[in-house]
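Undergrad: Take a look at this one; I'll ask things after.
The values are calculated or read from the model by the stated rules, or taken from the named source; none is laboratory data. Fair warning: this is a prediction, and the values are worked out from it, not measured in the lab. Glycine also receives a Cβ, built like all others from the backbone with ideal geometry; neighbour counts cover every protein chain displayed.
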Amino acid sequence: MYLTRVEINFNDRNNVKELNHLGAYHNWVEESFPQEFDKNIRTRKLWRIDTLNNKKYLLIVSEDKPDLNKLERYGVKGSAETKDYDKFLETLEEGRTYKFRLVANTTVSKAIEGKRGRVVPIVDVIEQMDYLLARSEKNGFELSPSDFYVLDSSFLPLKKHNCKTINLVKATFQGELTILDKEKFVSVLKRGIGRKKAYGFGMMTVIPIK
């Protein structure tokens, strides 16, 4: 697995104009893996947009390395970098506490009169926190309500060809967690949490607390 980062170049007006919905970012990510894209192969990838020191970055977790030149299509030239993610994942320890960040599409499926559940967004911040708490232990980590918070909660537009624009709920979680089951937790870091992973949701990252 590989972890890749590139600074998004929002000083380019064309970039600002084109990167105005999640589908554009999805296409950017896919086109950065030309060997797959040309053969119409789609492997699982996680990605999200992060802000650090007033700069925005595209982060990607993938099985293969992206083409950094392709990745800099909307990025600052020379800012794209890829690291071996497996080496970091091997250092994770059960019982140890880490800082984390997660961008999730917080939704719930609600059955109506015995019919198949309808997916509805969770927009209340307290309910968003409950969403993550309910998924923590089964995904190999422990959370306390006092140790994390919702950094941002909003809706983001998704446009698809010949389809009506839809708005997807986004919650950015940040705080501290403790690893209970390394195998399950590593799977989460590789595969993500929740729905709409292809469109910038589900990616969790952690850093050790010194």
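Undergrad: So which residues in region 130-148 are under 17 Å from GLY192 (Cα atoms), assigned to a helix (DSSP H, G or I) and in contact (Cβ under 8 Å) with a residue 12 or more places away in the chain, if there are any at all?
TA: If the condition is that a residue be under 17 Å from GLY192 (Cα atoms), assigned to a helix (DSSP H, G or I) and in contact (Cβ under 8 Å) with a residue 12 or more places away in the chain, then TYR131, LEU132, LEU133, ARG135, SER136, GLU137, LYS138, ASN139 are the ones that fit.
Undergrad: Kindly indicate which of THR43, THR51 is among the β-branched types (Val, Ile, Thr), assigned by TED's automatic domain parsing to the domain that holds ASN14, part of a loop (DSSP other than H, G, I, E, B) and modelled with pLDDT under 95.
TA: Details: THR51 fails: part of a loop (DSSP other than H, G, I, E, B).
Answer to the check: THR43.
Undergrad: Sticking with this one: For the structure I just gave you, tell me whether THR91 is more than 30 Å from GLU18 (Cβ to Cβ), among the hydroxyl-bearing types (Ser, Thr, Tyr) and more than 16 Å from the chain's Cα centre (by Cα). Spell out how you get there, then give the answer.
TA: Details: more than 30 Å from GLU18 (Cβ to Cβ): yes; among the hydroxyl-bearing types (Ser, Thr, Tyr): yes; more than 16 Å from the chain's Cα centre (by Cα): yes.
Spelling it out, THR91 is indeed more than 30 Å from GLU18 (Cβ to Cβ), among the hydroxyl-bearing types (Ser, Thr, Tyr) and more than 16 Å from the chain's Cα centre (by Cα).
Undergrad: Of the conditions (1) closer than 27 Å to GLY175 by Cβ; (2) in a loop (DSSP other than H, G, I, E, B); (3) within 18 Å of the chain's Cα centre (by Cα), LYS56 fails just one. Which one is it?
TA: (2)
Undergrad: Next question. Within region 203-210, identify whether any single residue is in a loop (DSSP other than H, G, I, E, B) and crowded, with 16+ Cβ neighbours inside 10 Å, and answer yes or no.
TA: Kept after step one, since they are in a loop (DSSP other than H, G, I, E, B), are these residues of region 203-210: 203, 209-210.
Now drop any that are not crowded, with 16+ Cβ neighbours inside 10 Å, which leaves 203.
Yes, region 203-210 contains at least one residue that is in a loop (DSSP other than H, G, I, E, B) and crowded, with 16+ Cβ neighbours inside 10 Å.
Undergrad: Further question: Name the residue that is farthest from MET1 (Cα to Cα), counting only residues in region 59-71 that are crowded, with 16+ Cβ neighbours inside 10 Å and under 19 Å from the mean Cα position of the chain (by Cα).
TA: This residue is LEU71.
Undergrad: OK, next. Within region 171-202, how many residues turn out to be crowded, with 23+ Cβ neighbours inside 10 Å and within 21 Å of ASN27 (Cβ to Cβ)?
TA: Result for region 171-202: 3.
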